[in-house]
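The values are calculated or read from the model by the stated rules, or taken from the named source; none is laboratory data. Fair warning: this is a prediction, and the values are worked out from it, not measured in the lab. Positions of Cβ are generated from backbone atoms using ideal geometry, with glycine treated the same way; all protein chains shown enter the neighbour counts. Ligands, DNA and RNA are stripped out before the accessible areas are found, and what is left, the full protein with its side chains, is counted by its heavy atoms. Shrake-Rupley method; radii C 1.70, N 1.55, O 1.52, S 1.80 Å.
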Amino acid sequence: MVGNDVIDLGDPEARPGGCHARFDARVFAAVELEQLAASTAPVRLRWILWAAKEAAFKVAKKDDARTIFSPRRFVVCVTSGTQARVAHDARRFAVELEIGARYVHAIATDGGNPGARVVAGVERIAWGGSTCPGSAARTLAIRALAPLLGIAAAELSVAREARVPRLCRGSVDVATDLSLSHHGRFVAFACTLPEVGAQLQGLP
């Protein structure tokens, strides 16, 4: 399973001083606070940690709908500039980090389908425009995934069941696991696709 989260680093709440003074103490575990205190770029690290927590939570929620987002219980360890691990009770999640000049995109997986390939994308939308961010995220996912699946974009849609997005062709679920996110000027998706050569569920 896959989960993702994108953060617009230019959004007012993500800028230095944009958080309430008690934010860090409320959402970060002691080991994360130590990382922030030692960092030369604590503002950026703050949102890397947050995005990783959100992404891992989306995977955990799919696995167990009873999962509650208690940020301090999703403990992040950044292992490199592009990778992190998240621990939540007995569960463990691997996180790939895409860190751009203006955004952070975290993509979490639970290792439950090691043969699947993960496809992800980020796109900037107009600041304060009329575009619906949720719609823009769905459009981005469909546009990127259609050629990989060999299906016309017009035949694909995104439905939701218990707030979890599903990629569909007509009334048939395409056998992919989809996650969507948007924040500020950025929309993003992450999706697991079957192994190369594997047949999609319900499709010829």
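Overview of values
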{"item": "Per-region count, the stretch 136-175, residues surrounded by 13 or more Cβ atoms within 10 Å (Cβ to Cβ) and part of a helix (DSSP H, G or I)", "result": "14"}
{"item": "Residue check for G100: surrounded by fewer than 16 Cβ atoms within 10 Å (Cβ to Cβ) and either of a type in the set (F, W, Y) or at positive phi (or both)", "result": "no"}
{"item": "Breaking point among (1) under 26 Å from G184 (Cβ atoms); (2) open to solvent by 50 Å² or more (accessible area, probe 1.4 Å); (3) in contact with a strand residue (DSSP E or B) (Cβ under 6 Å, 6 or more places away or on another chain), for V119", "result": "(2)"}
{"item": "When residues of the stretch 103-116 are limited to those that are in a strand (DSSP E or B) and not polar (S, T, N, Q), the one surrounded by the most Cβ atoms within 10 Å (Cβ to Cβ)", "result": "A106"}
{"item": "Test: F74 is closer than 30 Å to A126 by Cβ, open to solvent by less than 60 Å² (accessible area, probe 1.4 Å) and in contact with an Asp or Glu (Cβ under 9 Å, 6 or more places away or on another chain)", "result": "no"}
{"item": "Test: A126 is over 30 Å from V31 (Cβ atoms), aliphatic (A, V, I, L, M), open to solvent by 40 Å² or more (accessible area, probe 1.4 Å) and modelled with pLDDT under 95", "result": "yes"}
{"item": "Members of the stretch 1-45 that are open to solvent by less than 60 Å² (accessible area, probe 1.4 Å), touching a residue at least 12 places away in the same chain (Cβ under 8 Å) and out of contact with any strand residue (DSSP E or B) (no Cβ under 9 Å at 6 or more places or on another chain)", "result": "C19, D24, V27, L36, V43"}
{"item": "Some residue of the stretch 48-64 being open to solvent by 60 Å² or more (accessible area, probe 1.4 Å) and at positive phi", "result": "no"}
{"item": "Restricting the stretch 186-200 to residues that are more than 18 Å from G111 (Cα to Cα) and open to solvent by less than 30 Å² (accessible area, probe 1.4 Å), the residue that is modelled with the lowest pLDDT", "result": "L200"}
{"item": "Inter-residue pairs, beta-carbon under 8 Å, first touching a residue at least 60 places away in the same chain (Cβ under 8 Å) and under 17 Å from T192 (Cβ atoms) and in the stretch 97-114, second part of a loop (DSSP other than H, G, I, E, B) and not acidic (D, E), 6+ apart", "result": "T109/M1; D110/M1; G112/M1; N113/M1"}
{"item": "Residues that are small (G, A, S), in contact (Cβ under 8 Å) with a residue 24 or more places away in the chain and in a loop (DSSP other than H, G, I, E, B), drawn from the stretch 119-135", "result": "A126"}
